[in-house]
Amino acid sequence: MLRNAIAMLVIASFASGCADIQDQLNGRYGPTPIPTGAAVEIAAHRQADVVLAMARGAGYANNPPIFGDRENWYTIIMTGFNVVDDACMSYIDDLWILERRKTRNGALIAATGAAVAGIVAANSHPSVITLAILAQAFGLASAYNTAISDSYLYTQNAATIKKLIRKTTEAYRMDIAKKVRPDTEVTYPMGSPGAAYHHMREYLALCLPPTIQAQIEDLVANAKAAPENSATDVALTKAKADVTATGRMSTTGATKSPTTSIKVQ
């Protein structure tokens with residue numbers, strides 16, 4: 001019976017891993033090198049639907065801005081940023097809840113394992129093998145709790161991630177606000193559906209898991225998390241400079257308190 005139980009656990013673990021891998025197989029070699037009409041049409045419709053939805057949300061349901069009307073398109077882009085912020089903060093809050101659940105479940109598993117071992121030892125004088133089996137069983141449950149939680153969590157806690165994302169998104173907003181009037185559609189596109197979609201997508205990228213992890217590593221390793229001179233790169237560079245500057249000595253010799261404390265494990 002014990003061997004059968006162990007075999008079932010191994011099979012279940014392997015099947016779970018295979019299912020996760022299978023979910024990620026599509027596009028594993030990158031995008032197709034040759035665009036197709038069908039794929040382009042789907043992408044174009046998706047882009048148009050997003051921009052139109054944001055335009056309606058910004059109050060331009062009947063009269064969308066004309067090409068080159070940067071200030072009105074800026075209003076639409078800000079509406080898109082607000083939508084992204086809502087989704088991003090919900091995601092970070094979910095990470096915080098997951099951290100609490102991981103800690104709670106780990107404590108409950110450990111306490112239950114100790115209680116069961118004590119009850120068995122007090123009533124049946126178990127052998128060393130029996131106690132070892134109990135320990136391994138509860139150890140497996142603890143390992144599952146850790147593995148599942150860590151597949152979603154970062155090396156940093158949710159509070160630190162939230163502060164970091166707030167800095168990068170605020171930097172992006174400030175950067176795009178400065179370029180509404182001085183720049184043109186050639187040097188910094190903004191007044192068109194395509195440009196609006198681009199800025200929304202770049203802003204959303206600041207809250208995607210790969211970018212978050214890259215931002216954490218960037219603060220320590222001075223690595224680039226985005227293409228050189230892109231809007232995302234500008235936002236990340238400014239955020240990193242702000243974090244560094246707050247920890248330096250002031251001109252009077254007093255140490256400024258950093259607004260964000262980040263420790264990479």
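The values are calculated or read from the model by the stated rules, or taken from the named source; none is laboratory data. From a predicted model like this one, the values you see are computed outputs, not experimental measurements. Please note: Cβ atoms are built from the backbone with ideal geometry, for glycine as well, and neighbour counts cover all protein chains shown.
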> Across segment 85-114, which residue is farthest from the chain's Cα centre (by Cα) among those that are farther than 14 Å from Y144 by Cβ and of a type in the set (K, R)?
Replying inline: R104
> Residues of segment 52-69 being within 18 Å of A195 (Cβ to Cβ) and of a type in the set (A, V, I, L, M, F, W, C), which ones?
Replying inline: L52, A53, M54, A55, A58, I66, F67
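Here are some residues: A87, A177, A137. Which one is more than 30 Å from M54 (Cα to Cα) and either in contact with a strand residue (DSSP E or B) (Cβ under 8 Å, 6 or more places away or on another chain) or not charged (D, E, K, R) (or both)?
A137
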> For segment 110-217, list the helices (runs of 4 or more DSSP H) that sit wholly inside it and hold at least 3 residues that are in contact with an Asp or Glu (Cβ under 9 Å, 6 or more places away or on another chain), crowded, with 18+ Cβ neighbours inside 10 Å and at pLDDT 80 or above; which are they?
Replying inline: 158-178
>> Between a residue in segment 170-193 that is over 21 Å from K238 (Cα atoms) and any residue that is surrounded by 13 or more Cβ atoms within 10 Å (Cβ to Cβ) and among the β-branched types (V, I, T), which pairs come within a Cβ distance under 6 Å, given they are 6 or more apart or on different chains?
In response: P193/V51
> For segment 38-94, how many residues are in contact with a Ser or Thr (Cβ under 7 Å, 6 or more places away or on another chain), crowded, with 17+ Cβ neighbours inside 10 Å and not in a helix (DSSP H, G or I)?
Replying inline: 1
